[in-house]
1. Taking the stretch 205-242, which residues are within 24 Å of the chain's Cα centre (by Cα), surrounded by fewer than 22 Cβ atoms within 10 Å (Cβ to Cβ) and of a type in the set (S, T, Y)?
2. Given the condition within 24 Å of D134 (Cα to Cα), among the β-branched types (V, I, T) and in contact with a helix residue (DSSP H, G or I) (Cβ under 9 Å, 6 or more places away or on another chain), answer yes or no: does some residue in the stretch 218-234 qualify?
3. Quick one: in the stretch 223-244, which of the residues that are in contact (Cβ under 8 Å) with a residue 40 or more places away in the chain and not in a helix (DSSP H, G or I) is nearest to P183 (Cα to Cα)?
4. Out of the residues in the stretch 144-185 that are modelled with pLDDT of 90 or more and among the basic types (K, R), which is farthest from A71 (Cα to Cα)?
5. Condition first: crowded, with 17+ Cβ neighbours inside 10 Å and either of a type in the set (D, E) or closer than 16 Å to S83 by Cα (or both). Now tell me which residues in the stretch 104-135 satisfy that.
Amino acid sequence: MSPQRNIGAGAEAELPEYAGHYRLEARLGSGGMGVVHLARSTSGLRLAVKVVHAEFARDPEFRGRFRQEVAAARRVSGAFTASVVDADPEAGRPWMATLFIPGPTLAEEVKRNGPMAPARLRRLTAGLAEALRDIHRVGVVHRDLKPSNVLLAEDGPKVIDFGISRPKDSELRTETGKLIGTPPFMAPEQFRRPREVGPAADIFTLGSVLVHAATGRGPFDSDSPYVVAYQVVHDEPDLTGVPEDLAPLIRRCLAKEPEDRPTPDELMRELRSVAASYDTQLFVPGQRAGAQGAAGPEREPESEPESAMGPAPDSVPHPAPAADQAGSGPADGAAGKPVRRPGRWPGRWMGRRLALVAGVCVLVVGSTLTAVELLGGGKEAAHGSDAPRTASAAFAGWQARPVAQGGGVPHCVSAAGRVVCAEPG
């Protein structure tokens with residue numbers, strides 16, 4: 001079979017047809033150190049195969065770095081990266097195969113559709129913070145986080161290309177006077193002391209990536225890489241156009257000194273507080289409304305509605321009395337137990353009360369007719385209540401205790417989730 005043809009001159013004009021036993025079907029992209037192809041395994045699994053440029057394949061130092069890239073990529077879990085399936089750093093043209101992840105890169109997405117909306121930007125920030133936590137946890141520093149190395153998959157962003165990453169236990173070191181990286185997405189220490197680059201450098205480049213996602217440009221912009229390098233080391237970042245809620249957090253990421261930047265865990269904690277005002281707003285229970293007599297069928301305290309969003313789950317305790325309007329009573333137990341409020345009869349006690357009354361009453365039919373008459377004049381019955389009325393009462397009908405006149409016994413009937421009480425006369 002003839003090799004794949006590629007438009008262009010030089011050593012890459014003819015590309016290999018196989019990498020190991022994986023057939024290369026199409027070219028996905030090209031970087032400074034290799035070409036990435038779409039390939040399939042024998043079982044049909046789609047893979048992304050990176051094949052090193054021929055000129056670098058002859059460089060022993062580069063082969064050492066490629067072996068380091070494979071080792072670093074294998075250390076990180078596949079939750080936030082492309083999992084390594086196979087590799088051969090010792091082949092004539094070294095290669096590495098990872099799972100193929102459908103989706104554009106962040107660079108392609110911004111170029112095609114413009115800056116991200118604030119909600120998508122917050123999700124991107126959270127996903128990349130989790131990815132860096134996963135990468136740093138296994139002792140790897142990526143050192144080249146940039147929009148073209150972030151894939152936007154359906155289940156969140158994936159960080160790819162560990163070509164210049166370095167595990168902490170690596171024996172390879174950057175040579176004096178040699179800079180490795182992409183200037184607009186490099187940390188100050190990568191220019192000043194490249195041999196001392198640590199995890200905090202990835203946090204700085206994360207800040208630059210987020211500014212690009214939010215505005216379509218970087219925080220340090222110039223046509224000259226030398227000017228960009230000066231700006232990264234000495235100038236303040238330009239955050240014009242970054243959402244106000246994320247700007248302070250991104251500014252912290254872009255601090256000049258590594259110790260002043262947040263860790264991935266700190267980033268995620270702060271993002272949760274930001275999301276509380278936006279993405280999770282619908283799930284925050286509201287306070288009780290002050291409407292009287294508008295409640296539906298009464299429920300036991302464990303399941304009565306906590307907000308306009310609907311009934312609260314049985315396992316969720318009532319909020320503390322301080323969250324209610326005026327007139328609420330104090331809690332009568334430890335945290336997590338239902339709170340009894342004045343004028344409300346607990347469900348079990350009410351059941352026993354009804355059973356007792358049912359035994360005493362001899363004329364249930366007459367009581368029911370009297371109840372119907374009472375319902376017709378419910379306003380007069382309500383005015384005769386001695387119990388205080390509160391603004392926050394959700395079940396106004398439970399606030400009045402029926403008081404017998406002339407020594408009679410109130411007759412109560414339960415039906416359709418309501419309790420109706422009548423008294424003689």
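1. T215 - this is the single residue of the stretch 205-242 that is within 24 Å of the chain's Cα centre (by Cα), surrounded by fewer than 22 Cβ atoms within 10 Å (Cβ to Cβ) and of a type in the set (S, T, Y).
2. Start the filter on the stretch 218-234 by keeping residues that are within 24 Å of D134 (Cα to Cα), which leaves none.
No: the stretch 218-234 contains no residue that is within 24 Å of D134 (Cα to Cα), among the β-branched types (V, I, T) and in contact with a helix residue (DSSP H, G or I) (Cβ under 9 Å, 6 or more places away or on another chain).
3. G241
4. Checking each candidate, the answer is K146.
5. Once the filter is applied, which keeps residues that are crowded, with 17+ Cβ neighbours inside 10 Å and either of a type in the set (D, E) or closer than 16 Å to S83 by Cα (or both), the stretch 104-135 yields E109, E130, A131, L132, D134, I135.
The values are calculated or read from the model by the stated rules, or taken from the named source; none is laboratory data. In this text the structure is predicted, and so the values were computed from the model without any measurement. Cβ coordinates were reconstructed from backbone atoms using ideal geometry, including for glycine residues, and neighbour counts include every protein chain displayed.
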